[in-house]
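Trainee: Can you keep this structure in mind? I'll have questions shortly.
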Amino acid sequence: MNFLQAKKLFEKGLEKLIAKDYESSIEFFESSLKIAKDRPSTLKNLVIAYIGINNLKKAEYYLKSLIINNEKEIDIIPLISKIFRQTDRIPEFINFIETIKDKKIDPIFLIQKDLSIPKIFNNKDEIKYFRKNFESNLDRNLQNDFSKKFNLEIEQLDPPIFPLSYDEYDNKENFKNVVKFLRKIYPQLNYSKKNFKKNETIKIGFISQFLNDHTIGKLFKGIILNLDYNNFEIQIFHSSQTKKDGIYKELIESEKILNIKNFSLPNKFSEGVKIIEKRNLDIMFYPDIGMSADLYYYSFLRLAKYQMTSWGHPETTGNSSIDYFLSSKLLETKSGHLNYTEKLLLSDYLPMYYYKPVLKNILDENQIASENIYSCPQSLIKIHPDFDEVLLKILKKDKKAKIYFIKDKRGYLYKKVLDRFIKNLGSYIDRVIFLENLSMNDYINHCGSASVILDPYYFGSGNSFHESMYYGTPTVTKPTNYSKSRIATGAYKQMKIEKPPVVKTSEEYVEKAIEIANNKSKNLKIKKYYRDSAEKYLFENMKFIRDLENIFFEITN
């Protein structure tokens, strides 16, 4: 009788959970758990429900019970990720795994612990510590002869490469070793299709989780929709996690009039591989390798005769299965090819066809003629500790300065950045404003109302630079030798801007930002000049599409 009662309570809780009535589902699950203690399915759903209401402390409590009492519950790795890694509590995650490592847990947990690195750091010493720890752990795991091989479909590691990209260090060797290690523990990643039949027209596959209203969708939609469909057949492979919003729907609708087919890949990796193989692709194009845990592992396989990536995530992959990296002569330095394991393909233009944004509400001249408004409207993961010093100097020298940032959706990164700012900026923190998440229209208008935009160090703006050019707001940038910091610099070159605010030192950065932000009449002239240049040279550049088509022809012939 007790079992039946517990089952009924569980089923009612599941019903509420599916309806996203998290509070009610928790009541039913906890009542069920009092009767059937330590039941894995109940514990697991309680973790999910508490994550749903953002009560991570309770979620963590039930997660620990689940692991300790049910060491075979391998599919709870995503729950651990949500609680610790996605909220950027990496030291706590490491400690958590350490406390349960003697409970015969699957080694995959220990590997995930070893290869975890935060997104937001308190200082440079912390960056160095975690990078050193990462590298030594990776080397140790490479030398470890694991007693078992792992199944990618049920024991999937979150790819460890993404957070490593947001500092000043070279990652090529690290990424090569990550690829080597993942091939070692996942036998599936060493398979490659060998024979590809010749097609009458060139078949190109684009694979990304983010071909929707995401930065990647905005950067690459124009390529997909503007290739010559007499010569190219396009296959688009979406993730099961892809949000079905505007750009996604546009790509689906394009099947009616263009030579395009869309596929949603299943959760099961091996089934997704079969779907792609049947398409017999000439080229597989990965816009953003490393951003999607869901699709990262496909890049290890030879799923087309030629495979390439580009600047959606602007770093090398370290993966021999990726033949080419599409970049631009406007972005790379003379020694830029040394930063990549892929062969560098250099277009004469920025590698995109970027549509000029369409706004419902447009600012008038008075609204864009502001002074002392500095904005850094970037993902907070880009805000490196070195950048804090620049902010402090601006706030000290410009007594009227206000500096704007934008919170991440759930506020996890915002809280960490704010804590660091309070420590590093002191009393000047009262002139730093964090905005809530903005709609696209409000975001672009915010950029338009700013006097100047601050490009963060080491990993700069890309999509946001293009959106800011709707109003022509100048961006001050300090490029390094890596393309991830050179997008604004390359855009200025393409726009044929004379004397752009591209600087070499921190002192120049501060002085240039203050100069621009404190001269209303000059700022208006600059905005008009930049806006007109963007209209002429930056937006909707068909010259790049023709250039890219020639690159595709050269690769396949």
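Trainee: Can you tell me which residue in segment 353-380 is modelled with the highest pLDDT, limited to those that are of a type in the set (Val, Ile, Thr) and buried (at least 17 other Cβ atoms within 10 Å of the Cβ)?
Mentor: Ile373
Trainee: Please work out if Ser335 is buried (at least 16 other Cβ atoms within 10 Å of the Cβ), within 30 Å of Glu173 (Cα to Cα), hydroxyl-bearing (Ser, Thr, Tyr) and not assigned by TED's automatic domain parsing to the domain that holds Arg431. Step through it out loud before you land on a result.
Mentor: Details: buried (at least 16 other Cβ atoms within 10 Å of the Cβ): no; within 30 Å of Glu173 (Cα to Cα): yes; hydroxyl-bearing (Ser, Thr, Tyr): yes; not assigned by TED's automatic domain parsing to the domain that holds Arg431: yes.
Answer is no for this residue.
Trainee: Taking the stated definitions as given, is Ile257 of a type outside the set (Asp, Glu) and surrounded by fewer than 16 Cβ atoms within 10 Å (Cβ to Cβ)?
Mentor: yes
Trainee: Being farther than 25 Å from Leu219 by Cα and part of a loop (DSSP other than H, G, I, E, B) is the filter here; which residues of segment 267-295 pass it?
Mentor: Result: Asn267, Lys268, Lys278, Asn280.
Trainee: Hey, can you tell me all the residues within segment 305-331 that are closer than 29 Å to Phe181 by Cα and of a type in the set (D, E, K, R)?
Mentor: Lys305, Glu315, Asp323
Trainee: Give Asn437, Asn424 a once-over and let me know the one that is in a loop (DSSP other than H, G, I, E, B), among the polar types (S, T, N, Q), surrounded by fewer than 19 Cβ atoms within 10 Å (Cβ to Cβ) and without any contact (Cβ under 8 Å) to a residue 40 or more places away in the chain.
Mentor: Going through Asn437, Asn424 in turn, the sole match is Asn437.
Trainee: Return only the number of the condition from (1) of a type in the set (A, V, I, L, M, F, W, C); (2) out of contact with any strand residue (DSSP E or B) (no Cβ under 9 Å at 6 or more places or on another chain); (3) not assigned by TED's automatic domain parsing to the domain that holds Lys393 that Ile322 does not satisfy.
Mentor: It fails just one condition, (2).
Trainee: With the condition kept exactly as written, say whether any residue in segment 300-319 is surrounded by fewer than 22 Cβ atoms within 10 Å (Cβ to Cβ) and out of contact with any helix residue (DSSP H, G or I) (no Cβ under 9 Å at 6 or more places or on another chain).
Mentor: Taking every residue of segment 300-319 in turn, at least one turns out to be surrounded by fewer than 22 Cβ atoms within 10 Å (Cβ to Cβ) and out of contact with any helix residue (DSSP H, G or I) (no Cβ under 9 Å at 6 or more places or on another chain).
Trainee: Looking at segment 286-296, is at least one residue touching a Lys or Arg at 6+ places or on another chain (Cβ under 6 Å) and among the acidic types (Asp, Glu)?
Mentor: Checked segment 286-296: no residue is touching a Lys or Arg at 6+ places or on another chain (Cβ under 6 Å) and among the acidic types (Asp, Glu).
Trainee: What tally of residues in segment 296-333 results from selecting those that are outside any loop (DSSP other than H, G, I, E, B), under 23 Å from Lys382 (Cβ atoms) and in contact (Cβ under 8 Å) with a residue 60 or more places away in the chain?
Mentor: Qualifying residue count for the region: 4.
The values are calculated or read from the model by the stated rules, or taken from the named source; none is laboratory data. As the structure is a prediction and not an experimental result, all values here were calculated from the model. Neighbour counts are summed over all protein chains in view; Cβ atoms, including those assigned to glycine, are modelled from backbone coordinates with ideal geometry.
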